[in-house]
Amino acid sequence: MRTLLRLFFRLLYHQFAFTYDLVAATVSLGRWKDWVLSVVPFIEGTHVLEIGHGPGHLQRVLLGRNLVALGIDESAQMGRLARRNLRRSFSKTQPSASNGPHHGYTQISLTRGVSQSLPFSGNTFETILATFPSNYITDPRTLAEVKRCLTPAGRLIVLPVAWPRNPLLDWLFRVTGESPAAALEPVKSKFKQPFVEAGFETEIKMLDVKTGILLIILARSSSEER
């Protein structure tokens, strides 16, 4: 089963990348894009790197906020899809010549590569983020590269998992009398540990939003290293 799942996700992210949005929307009951954008309020600074940019939806928002946004993804198919989506967004927002030039999305900066060997100089980004990454995000080599590329006070943001809001989940919380954050404490500890072991000062936030419960990891290099 694990082998089949790995094959499925590899095909989804590569040969069948064009179906990614449909599959993601289906499994999240149409909430995927909103969940991805939930990390935006936690971004600090103006230089931002997204690891695993996927179809480019978060890149669109970052560029729309005039941030210096870069994205990296291992999948060549996702790179092509993201560029196409961003250019399509740009064409839809392009004003007429009489309204003057429009600069949004003109600096699309996407590259192909892996998180374990980021092709960027050290101390470059004030925020590095990843939404719904696979287990590469807790690879010690990835976390070492993230620390190298972050500015001394930079922040790593990871959204690894979300639980769709549903009546059963709400009922369980009412019956047990627990808050979502308290009920999911063991899950929080599991996700936090790799970042702590890598030398990050790590905070776990549970966002209880209308459409679900989101787990967001906020991490900085430890004060001793700074």
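General observations
- Charge tally around residue 204: other residues with Cβ under 9 Å, Lys/Arg +1 each, Asp/Glu -1 each, net +2.
- Of the peptides 72-81, 132-141, 155-164, the ranking by mean beta-carbon count within 10 Å, highest at the top, reads 155-164, 72-81, 132-141.
- Exposure proxy shown here: for 39, 187, the number of other Cβ atoms within 10 Å sets the order, fewest to most, as 187, 39.
- Full extension of the segment from residue 116 to residue 144, taken as 0.36 nm per residue of separation minus the current Cα-Cα distance, would add 9.3 nm.
- If you take all other residues with their beta carbon under 10 Å from the beta carbon of residue 219, and give Lys and Arg +1 and Asp and Glu -1, the sum is +2.
- Length added when fully stretched, residue 193-residue 77, from 0.36 nm per residue minus Cα-Cα: 38.5 nm
- Take the Cα of residue 134, step 7 Å toward its Cβ, do the same at residue 163, and the gap between the two points is 2.6 nm.
- Note on residue 210: lysines with a C-alpha under 22 Å away, same-chain residues under 8 apart excluded, are 33, 188.
Where a number appears in this text, it was derived from the coordinates with a stated rule and is not lab data. Remember, it's a predicted structure, so these values are computed and weren't measured experimentally. Reconstructed Cβ throughout: ideal geometry from the backbone, glycine too, with neighbour counts over all protein chains shown.
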